[in-house]
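Shown next, in structure tokens, is the structure this report addresses.
Please treat every number below as a calculation from the coordinates, not as lab data. Because the structure is predicted, anything quoted here is derived from the model rather than measured. Methodologically, a virtual Cβ is constructed for each residue, glycine included, from the backbone with ideal geometry; neighbour enumeration extends over all protein chains shown.
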Amino acid sequence: MKIPSLLLAVLVAVLGAPAARAAESPRKLAFERGSAVWVASLDGTDAKKVAAGASPDISPDGTKLAFNTDEPSTKLPVRHIAVADLATGKTTVFKDVPSDNSFGPAWSPDGTQLAFYVYSADDWQLGLSNADGTGFRIVKHTEPKGQTCNGAVWAPDGKSLFCQDMTAILRIGLDGAEQKRWELKTLVADGDMNSSSRLSISPDGKTLLMDIDQAEEHDRKNWDGPQPAIWSFDLTADKAVRLSPKPLFAWEPRWIGDGDLVFISQAASEKEPSIYRAPAAKLEQRKLLVKGARGPSVSR
């Protein structure tokens, strides 16, 4: 039966165009809990374990989960990059990478490539491959030795990466060339970064979230090390500001969009961190998403 044009226009206005609606999919949250990687709805509900492993990163469209395996070994760690198809459950392990120790995958904005770390030449190198594991190459060799460019995240245009070498924030091209460098001591006078410190770039490419180890006294018992804090770095103004207030131990931030982010936090009475969501301007107004979890990643 032919639908009158006026009625069709009303239905489209109310329900949305069929093609546009089909393209939309609920956003998902990936995380690490225990020795496994999980996926849930963005609000933390309907959590499902995907596989044994660590360092999960969900694809921009929310259909695939990249992570690294953690395989039994009596000597050095054995870890490979893997990608799980969340619809079929099929997992592809990257066996063509010239190393048995790879970790920390990060999806490109278009979901066609992965950047990750590979232990080669007695150090950690930043590598790149297609989403199916083919076409592997080293993007950036660690120079000088022992100063790896950690926590790599893609710029929104997919043409460069941000990372940190514990002394500076770097922007590098896909050819490994350094495009820009910001010395950490000029951005944060009373803080440092470690090899596990994470970065997250805003959707508009203008603001970088940073994990900072605060060089300040705290009285938290049973806490080994400095207080972790989340900072925001305005790339256009070259200015960094602290987002998490001093009482809040917060780290591993990821942008959601619209000024919100997810991160992990741990209260003094807790033995492990949990994942929260909050406006960037008011992290103390955090809302619990997943108890006892870390390493959050959000689809777009």
Q: Quick one: check the C-alpha center-to-center distance for region 26-81 versus region 83-129, whole angstrom.
A: 13 Å
Q) Using a ≥ b ≥ c from the Cα gyration tensor of region 202-254 (square roots of the eigenvalues), is it rounded, prolate or oblate, where a/c under 1.5 gives rounded and otherwise the larger of a/b and b/c decides, a/b for prolate? A) prolate
Q: Assign one of three labels to region 195-300, namely rounded, prolate or oblate, based on the Cα gyration tensor with a ≥ b ≥ c the square roots of its eigenvalues; rounded applies when a/c is under 1.5, prolate when it is not and a/b is larger than b/c, and oblate otherwise.
A: oblate
Q) Which whole-number percent is the relative contact order of the chain (Cα, under 8 Å, 6+ apart)? A) 12 percent
**Q.** Value of relative contact order over region 167-264, rounded to a whole percent, pairs C-alpha under 8 Å and six or more apart
**A.** 21 percent
Q) Once Rh for the chain is found with the Kirkwood sum over Cα pairs, what is the Stokes-Einstein diffusion coefficient at 4 °C and 1.567 mPa s, in µm²/s? A) 64 µm²/s
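Quote the FRET efficiency, to the nearest 0.05, computed for residue 196 versus residue 96 with a Förster distance R0 of 41 Å and r equal to the Cβ-Cβ distance.
For R0 = 41 Å, the calculated efficiency reads 0.90.
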Q: Rank-order 58-67, 179-188, 162-171 by packing density, defined as the average count of other C-beta atoms within 10 Å over each peptide's residues, highest first.
A: 58-67, 162-171, 179-188
Q | Within straight-line cross-link reach of residue 145, lysines at Cα separation under 25 Å, skipping those fewer than 8 residues along the same chain | A | 75, 180, 185
Q.
Quick check: from the Cα gyration tensor, does region 75-187 come out rounded (a/c under 1.5), prolate or oblate?
A. oblate
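Mind scanning 95/140; 206/246; 48/246 and naming the pairs with a C-alpha gap bigger than 30 Å?
Too far apart for the 30 Å limit: 48/246.
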Q: Treating the angle as unsigned and between 0 and 90°, give the value, to the nearest 10°, between the Cα long axis of helix 5-15 and the longest Cα principal axis of the chain.
A: 30 degrees
Q) Alpha carbon centre of region 154-204 versus region 234-277: separation in Å? A) 17 Å
(Q) 7 Å from Cα along Cα→Cβ at both residue 47 and residue 281: what's the point-to-point distance in nm? (A) 3.1 nm
Q) Say we join alpha carbon atoms closer than 10 Å with springs in a Gaussian network model of the chain; which of 141, 218, 80 then has the biggest fluctuation? A) 218
